[in-house]
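Since the structure comes first, as structure tokens, the remarks are kept for the end.
Please treat every number below as a calculation from the coordinates, not as lab data. In this text, all values refer to a predicted model and were calculated from it rather than measured experimentally. Cβ: placed from backbone, ideal geometry, glycine included. Neighbour counts: every protein chain shown.
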2 protein chains.
Amino acid sequence: MSELNGAQSLIRTLVDAGVEVCFANPGTSEMHFVAALDTVPEMRGVLALFEGVVTGAADGYARIADKPAATLLHLGPGLGNGLANLHNARRAHTPIVNVVGDHATYHKQYDAPLESDIEAVAGSLEGWVRRSEHTKDVGADAAAAVAAAQDAPGRVATLILPADASWGDGGETCAPIPPRVPQAVDATTVKDVAAVFGTGEPVALLIGGGACREEGLRAASRIAAATGAKTFVETFPSRLERGAGLPNIERLGYLAEQVAYQLDGIKHLVVAGTKAPVSFFAYPGKASDLTPESAQVHTLASVGQDVTRALNEVAELVAADIEPVLQEPSRPALPTGPLTPQNWVDVIGALLPENAIIADEANTSGLMLPAATAGAPRHDVLTLTGGAIGYGMPVATGAAVAGRDRPVLNLQSDGSALYTISALWTQARENLNVTTVLLNNRAYAILRLELQRVGAASGGPKANDLLDLSRPDMDFVKIAEGMGVPATRATTAEELAEQLQRAFAEPGPHLIDAAVPPLL
Amino acid sequence: MSELNGAQSLIRTLVDAGVEVCFANPGTSEMHFVAALDTVPEMRGVLALFEGVVTGAADGYARIADKPAATLLHLGPGLGNGLANLHNARRAHTPIVNVVGDHATYHKQYDAPLESDIEAVAGSLEGWVRRSEHTKDVGADAAAAVAAAQDAPGRVATLILPADASWGDGGETCAPIPPRVPQAVDATTVKDVAAVFGTGEPVALLIGGGACREEGLRAASRIAAATGAKTFVETFPSRLERGAGLPNIERLGYLAEQVAYQLDGIKHLVVAGTKAPVSFFAYPGKASDLTPESAQVHTLASVGQDVTRALNEVAELVAADIEPVLQEPSRPALPTGPLTPQNWVDVIGALLPENAIIADEANTSGLMLPAATAGAPRHDVLTLTGGAIGYGMPVATGAAVAGRDRPVLNLQSDGSALYTISALWTQARENLNVTTVLLNNRAYAILRLELQRVGAASGGPKANDLLDLSRPDMDFVKIAEGMGVPATRATTAEELAEQLQRAFAEPGPHLIDAAVPPLL
């Protein structure tokens, strides 16, 4: 019998498989896991005060590190609290290894207060779920979880760990299991799609997933330059590389009206690493499928296939001698005057540091952002893939853990901030280089827009009151300071610029409460 | 065809069935529900900034109002965010009517970003779940949901409302459906249990559920006075009536060691309205079943039966002429000096107002509380029935909505506060009479204790660091003020007393950041 208990074999196996960070919000059933952290020095434990921060941080970490972090969650309620950001991770195809502690196997029959159906909740994520009943299997199950999380295109893997499996003796570590790599696209499909670009009819190319990194963007840009195809990035990419020196490919819009404009007149839509566009929500009398009726959809690479290789192969066929079109360095001038929905993005574009990571939950406030930052130094943009708000602060936290010295900029709308506000405390605790620009428009502005768009009889005082965050106004400077993060308030473009420069220059987290009025 | 849309028929039906408050955190798919609020003036919409506040407030509301509130939640991620406090509500047998908006029926096939398995998540609550597919059925489904929520002993009912069922024309209201009342205990059981009290052997009576209100407490006290039985209230009652003029019945302890002491030597355990006690968690080498091996368990009334009537019937048989023992009015003297785990509870006992509601999430800091408040004016105590922390602030919020002018005292440990801290904003928005005493011991103190109790090799620096909330210290005065709640800091008993008196005297919410050192 080994000298390891189950928890020790688990953590050792995770580390051997490259999982080096565990975002944790533990309870009693996880105490042996917590104790075991001291026996495996390579594993870094990062504490959060709410599970939505834990899971969002794991999402942000993996998007930047290109490998999973572990989470440590406390039974069904802990998993439930983390579910919204796991939903976003599922939509991002982010690899995550959840470790959900449960009652000891023999204790479950007693229906103690925290007993609940963990499998049902975890199963809703459509990922990988396993219960590790026996101490000797915990290591092998952990290795399987890491592989499952990383099997292309990536998913949430949940390992349920009964307390007695964790504390029992006889744990066995397990060697890493190689994950399934992305499947190659067959040559016929590549040739058929290449032929679409040669028809002379209007074509749009929509790329997503792994194609939103430099190599895929360059291939897409070559195809566009050679064939005149319109090219778009999916609406909510997990990670989009942008900035000077990279192709600048427009994202498909959030609103159906935008997409109709972008895809107007096309006869062919080639999708690569994503799916044909659908409306985020349904609206009375409006179509859910956003592909124009005139257009035929061709799938070059489905989600989970090797989209970058397939794009390169198409580019070799249709654009053999063509170079990609790269964005020139270009920054907006620093604006002056009171903050507006238009000028704050210019401050960001003017000052974004080299190699930054943007965790973008600006929502309506951020509509003008892409143009303002297109020519900024190269950076990564992480987006709200699953639409479950409260993602920005935790994802920024995890991205900063993964990015080490890279500056992280969290563009955070006020309406979404309170779901996971305690991410600020973890940022302070870990001294992470996260600068939060809190876009304080004092409203659920997107819902004001949506109230009109769904055709609801708007304008009633009770309805509008439910979308109003100004009663009382939130003071994010005080909230941030209360959680140990230095904070300032900006009401003019000059103040925002000055405070942003200071925040980027000083190590550790900062928050700027930016009084940006609503766009609408 | 009626002139109501689905949402209007839903809200009208809810109001007709006595559901007058909707705690809401809506999104786009709920915009027609939001708009419909203006057509039904009797329905009060209360906005929260996070779904865990919504569901916890609905729990607290129903515990005090003795009828359900509705919640309004946004698809699967919204339900997920509310799941932990719904778990607590499930354990409390609290009636709640969740309305979870979903994509339009025809939109689900497109697997839009927010698409998820709502049924799977709702099903984990083991309550009532229905999807209302057709506008004309929405009213009837709503009436069924209200009845299901209130069917004895009470449960969480979840109505999934597709956007097109909500916005469609032809909604039909439905008359209230009478819920199933508690089943009476048969006469044989009453006689058999009464005989147990006559054996002369040591008996303990454990009461729970509805028996924790005045009538049940009086019956239990009469039985105890007549027979010498030890009498206990379940460890985590949903709502316990306490104070001067009521029987003072000790609660069963949280720790197995306490329960072993309390039940030592008994030969019979009579359970009424609850189950025989089990350990909250499993511990290596310790029993999960806390009934002493020497004792036989007799069930007078199972959960969902009419426990109060059964207790009265037993009392008529064994204690016909015996009066209950009532607590005399008695308050501790106001203590002086720096706050300690012992003296802060005396401040509470000395100053608790008439007719108060205590939402108790003091955890380890509150061990001494029951003794200090036993002789205070009559009050209700709401407890953490399901063990999912982050319950106190939302439950206090909902209790204050239900209690109208009753003062609500939220005793809140710091480790549990950050899960649902934005409840403070809702308290400010609604000007609720909630006084929060934030017991700031700067640690997950209960986990320090549990780390030792589970036998985990404690003392490692990484393990202890994960239970430490002092890096950085949280400033709850700033956090509260940032959310619009006036706040002060108390470091001495005198300061706590002075600030508490002021908070009780002024309308609206207050927070006192009380520097109470950890008990352990």
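Observations, loosely collected:
- Within-11-Å neighbourhood charge of A:Glu481 [Cβ basis; K, R +1; D, E -1]: -2
- A quarter of the convex hull surface defined by the alpha-carbon atoms of the range B:325-364 gives 4.0 nm² as the mean projection.
- Most simply put, the protein assembly as shown has about 10% antiparallel DSSP beta bridges, counting only bridges with both residues inside it.
- For the range A:205-250, the normalised intensity computed at q = 0.14, 0.17 Å⁻¹ comes to -0.26, -0.39 (log10 of I(q)/I(0), Debye sum over alpha carbons, equal scatterers, no solvent).
- Rounded to the nearest 5, the antiparallel percentage of DSSP beta bridges internal to chain A is 10%.
- Alpha-carbon Rg/Rh ratio, for the range B:82-162, with Rh computed the Kirkwood way: 1.00
- Scattering from chain B was approximated by placing one identical point on each alpha carbon and applying the Debye formula without solvent; log10 I(q)/I(0) at 0.10 1/Å stands at -0.83.
- Taking the Cα centre of the range B:372-475 as reference, the dipole from Cβ charges on Lys and Arg (+1) and Asp and Glu (-1) amounts to some 160 debye.
- Label-to-label distance for A:Glu316 and B:Ser330 is 8.9 nm, based on points extended 7 Å past Cα in the beta-carbon direction.
- Backbone N within the range B:36-72 under 17 Å of label point (7 Å from B:Glu214 Cα along the Cβ vector): B:64-66
- When the Cα convex hull of the range A:325-406 is projected onto planes of every orientation, the mean area is 6.4 nm².
- Per-residue mean of C-beta atoms belonging to partner chains within 10 Å, peptide A:281-290: 5
- Largest first, the three principal axis extents of the alpha carbons in the range A:189-334 are 47, 46, 29 Å in whole numbers.
- Kirkwood-type hydrodynamic radius, the range A:436-478: 11.5 Å, calculated from all non-identical alpha-carbon pairs.
- Rg followed by Dmax, in Å, when the range B:187-265 is reduced to its Cα trace: 12.8, 36
- Burial ranking of peptide ranges B:300-311, A:127-138, A:80-91, A:60-71 (average Cβ count within 10 Å, highest at the top): A:80-91, A:60-71, B:300-311, A:127-138
- Within the shell defined by Cβ-Cβ distances under 12 Å, the residues around B:Asp289 carry a net charge of 0, with Lys and Arg each +1 and Asp and Glu each -1.
- Counting every C-alpha pair in the range B:298-365, the share spaced more than 19 angstrom apart comes to 61%.
- Charges were assigned to the Cβ only: +1 to each Lys and Arg, -1 to each Asp and Glu. The resulting dipole of chain B about its Cα centre is roughly 760 debye.
- Local electrostatic count at A:Ala204 - Lys and Arg +1, Asp and Glu -1, tallied over other residues with Cβ under 15 Å: -2
- Global geometry of the range A:414-520, whether rounded, prolate or oblate, following the gyration tensor of its Cα atoms and the 1.5 cut on a/c: prolate
- Residue mean of other protein chain beta carbons inside 10 Å, B:18-28: 3
- As a rough guide to protection, the peptides A:251-259, A:172-180 ranked by mean Cβ packing within 10 Å, highest first, stand as A:251-259, A:172-180.
- Integer Hz, Karplus 6.51/-1.76/1.60 couplings in order for the range B:102-117, x for Gly and Pro: 9, 4, 4, 3, 6, 8, 5, 4, 7, 6, 4, x, 8, 4, 7, 8
- Rg/Rh for the range A:1-89 stands at 0.97; both radii use Cα atoms, and Rh follows the Kirkwood definition.
- Within the protein assembly as shown, the proportion of Cα pairs with more than 39 Å between them is 45 percent.
- Put a plus charge on the Cβ of each Lys and Arg, a minus charge on the Cβ of each Asp and Glu, and nothing anywhere else: the dipole of the range A:290-418 about its Cα centre is then about 380 debye.
- Selection from B:Gly168, B:Leu290, B:Leu263 lying farthest towards where the dipole of the range B:161-319 points positive, charges on Cβ: B:Leu263
- Cα centroid separation - the range B:92-128 against the range B:255-309, whole Å: 36 Å
- Inter-part distance where the range A:21-45 and the range B:14-33 are each reduced to a Cα centre, Å: 41 Å
- Compactness of the range A:123-258, taken as the C-alpha radius of gyration over 2.2 N^0.38 Å, stands at 1.52.
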